[in-house]
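Working notes, beginning with the structure itself.
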Amino acid sequence: MTIKSSDVPALRLDDAARAGWLYYVAGNTQDEIARKMGISRQSAQRLVAIAVSEKLVKVRIDHPIAECMDLSDALKDRFGLRFCDVTPSDPQSHSTTLGIANAAAVELERYLTRKEPCVIAMGTGEELRATAEQLRPMVCPQHKLVSLVGHIGPDGSASLFDAVSRAAEIVRAPHYPMPCSVIAASKAERDAIIGQRPIKQVIELAQSADVTFVGIGSMVEDAPLVRDGFATLAEMRAMMALGSAGEITGWAYDDEGNYIKGVTNDRTLGVPLTRNAKRNVIGVSIEPGRLRAIRAAMRGRLINGLITNSIMAKKLLNY
């Protein structure tokens, strides 16, 4: 049944949420829902459809698949990871977030549900924004969410993939965005920006995080850094010539996880990751074009955790 968006404001979302819970969580049939809610079966069917269309229902499969567990263990052994979650794959899907956004949200919620305060650092990008959208609404005033990278574009516009602000909105936690661009126009501008007290405080908070979630970017001619105007094509080609394998929070690194010297790295404003971090630093990615970048981040110990799917896991093990 298709629900038009114009119909939704006239319907009771609390009833839809109740119907969705009865159907997906409690396992009631639509006839049972109708009886328990005192409505017709058609109304029950409509309410369940609204629960899905309005994203009141988020489905998670809580059952480890043997192949995924084996791949996870193999990646841990190969790259010395502290944490690894491999999700099933859909070979026909072109989504860059399918499965991993749910898995990352589950892991993030493990920290959010703690009673003791913790600091959670997050990068930006499509994967982490999708992760934020998968979070369950909750109230977490004891925690702090902090951004590792700026969310302002070269033209002053806000990023569509700001993950920290969206996550904080859903879980009602204090958040600390980085009010600047990803890459400054010059090294002098970069030095001036990171010298500002509010920026320094955000950086220090991010560096103290109990857990960190990051996206992993590729260093290719059509990379997001170029598409979004943070780096020119000439600069990207120069970074590629220097051996750049990938980037995290704007910082480019080579196949051994060493940060490249010069070019855009002289102007990067994001918080660089610490190699061999003592706390979990989790990369979230499945995009095929980022195979080299993911492998390099693990080899160089820039990340010690990974959330990916079975297709990418096999490629990483066979690279």
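No value in this document is a laboratory result; all are computed from the given coordinates. This structure is a prediction, so every number in the text was calculated from the model and none was measured. Here Cβ is always computed from backbone atoms with ideal geometry, including for glycine, and neighbour counts include all displayed protein chains.
Among rounded, prolate and oblate, which fits the range 53-194 when a ≥ b ≥ c are the square roots of the eigenvalues of its C-alpha gyration tensor, a/c under 1.5 means rounded, and a/b larger than b/c means prolate?
It is prolate, given that a/c is not under 1.5 and a/b is the larger ratio.
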(message) Shape verdict for the range 22-87, please, from the Cα gyration tensor: rounded (a/c under 1.5), prolate (a/b greater than b/c) or oblate.
(response) prolate
(request) Evaluate the Debye formula for the range 66-318 with equal point scatterers sitting on the alpha carbons, no solvent, and hand back log10 of I(q)/I(0) at q = 0.10, 0.13, 0.14 Å⁻¹, in q order, two decimals. (result) -0.44, -0.77, -0.90
(message) Just want the answer: with Cβ charges of +1 for Lys and Arg and -1 for Asp and Glu, which residue in T96, G270, G229 is farthest toward the dipole's positive end in the range 66-318?
(response) G270
(request) Would you kindly calculate the translational diffusion coefficient of the range 8-53, applying Stokes-Einstein with the Kirkwood radius from alpha carbon pairs, for 10 °C and a viscosity of 1.306 mPa s, and quote it in µm² s⁻¹ without decimals? (result) 159 µm²/s
(message) I'd like the orientation of helix 41-53 relative to the chain: the angle between its Cα long axis and the longest Cα principal axis, in ° from 0 to 90, rounded to 10.
(response) 10 degrees
(request) Please work out how many pairs of lysine residues in the chain are eight or more positions apart (or on different chains) and have Cα atoms closer than 17 angstrom. (result) 8
(message) Compute, for the chain, the length of the dipole vector about the Cα centre, with Cβ point charges of +1 (Lys, Arg) and -1 (Asp, Glu) only. Units Debye, rounded to 20.
(response) 600 debye
(message) Ignoring everything except DSSP H segments at least 4 long, calculate the 222 nm mean residue ellipticity for the chain; use -39,500 (n - 2.57) per segment, divide by total residues, nearest 500.
(response) -11000 deg cm²/dmol
(request) Sort S285, S157 so that the residue with the fewest other Cβ atoms within 10 Å of its own Cβ comes first and the one with the most comes last. (result) S157, S285
(request) Mind listing the long-range amide H neighbours of S218? Cut-off is under 5 Å, sequence gap 5 or more, other chains count too, H placed in the peptide plane at 1.01 Å from N. (result) E247
(message) Multiplying the sequence separation of T113 and S93 by 0.36 nm and subtracting their Cα-Cα distance, what value in nm do you get?
(response) 4.0 nm
